[in-house]
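> Sharing a structure here in structure tokens format.
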Amino acid sequence: MSITWVMVANASHAKLFSNEGPNKGLQLIKELSHPESREKASELVSDRIGNFAGSGSYAQPTPPKVHEAERFAAEIAQELEHGRLQNTYGRLILVTSAHFMGLLNDRLSQPVRDKISDSINKDYTSLQVKELAGHLENYIRL
């Protein structure tokens, strides 16, 4: 029986669950937190001006909150890649807010993307496991 990982995430918090087969439920494997994504933009900004791109033209800087969300997406992608390399899961379900899904997808390797069976554009990070299982019943037998 193949193990399914369920990654539930937003820009500042993620929970990784494992399911080892039908009627086995969800087991929390790991929680990741990125409090910088919740900081006020003014607390994340330095006094430096933006970047200059080639030939002296000004390049618009990435907003600080977006930059932090991108960093967290990269951290999650690394976690999923590590699990793939260890052959820890055979199937992956991603549950993230729509905007964060785009950031995360940009950072996933093709082999990890190949393991994704379902992508759900919802932020369920605050749900208890039983509530989460109810929202996933159309995707996996828990």
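The values are calculated or read from the model by the stated rules, or taken from the named source; none is laboratory data. Remember, it's a predicted structure, so these values are computed and weren't measured experimentally. In this analysis, Cβ positions are derived from the backbone assuming ideal geometry, glycine residues included, and neighbour counts consider all displayed protein chains.
> Kindly establish whether Val95 is surrounded by fewer than 17 Cβ atoms within 10 Å (Cβ to Cβ), touching a residue at least 40 places away in the same chain (Cβ under 8 Å) and among the aliphatic types (A, V, I, L, M).
It is false that Val95 is surrounded by fewer than 17 Cβ atoms within 10 Å (Cβ to Cβ), touching a residue at least 40 places away in the same chain (Cβ under 8 Å) and among the aliphatic types (A, V, I, L, M).
> Can you list residue pairs whose Cβ atoms sit under 7 Å apart, with the first residue in the range 61-75 being more than 12 Å from His34 (Cα to Cα) and the second being among the aliphatic types (A, V, I, L, M)? Count only pairs 6 or more apart in sequence or on different chains.
Pro63/Ala41; Pro64/Ala41; Pro64/Leu44; Pro64/Val45
> Do any strands (runs of 3 or more DSSP E) entirely within the range 23-142 hold 3 or more residues that are at pLDDT 85 or above, and if so, which?
Ranges flagged: 27-33, 91-96, 116-121.
> If we scan the range 2-15, do we find a residue that is at pLDDT 55 or above and either exposed (fewer than 13 other Cβ atoms within 10 Å of the Cβ) or charged (D, E, K, R) (or both)? Break it down into steps so the answer makes sense when it comes.
Step one: list which residues in the range 2-15 are at pLDDT 55 or above, which gives 2-15.
From what's left, either exposed (fewer than 13 other Cβ atoms within 10 Å of the Cβ) or charged (D, E, K, R) (or both): 2, 15.
Checked the range 2-15: at least one residue is at pLDDT 55 or above and either exposed (fewer than 13 other Cβ atoms within 10 Å of the Cβ) or charged (D, E, K, R) (or both).
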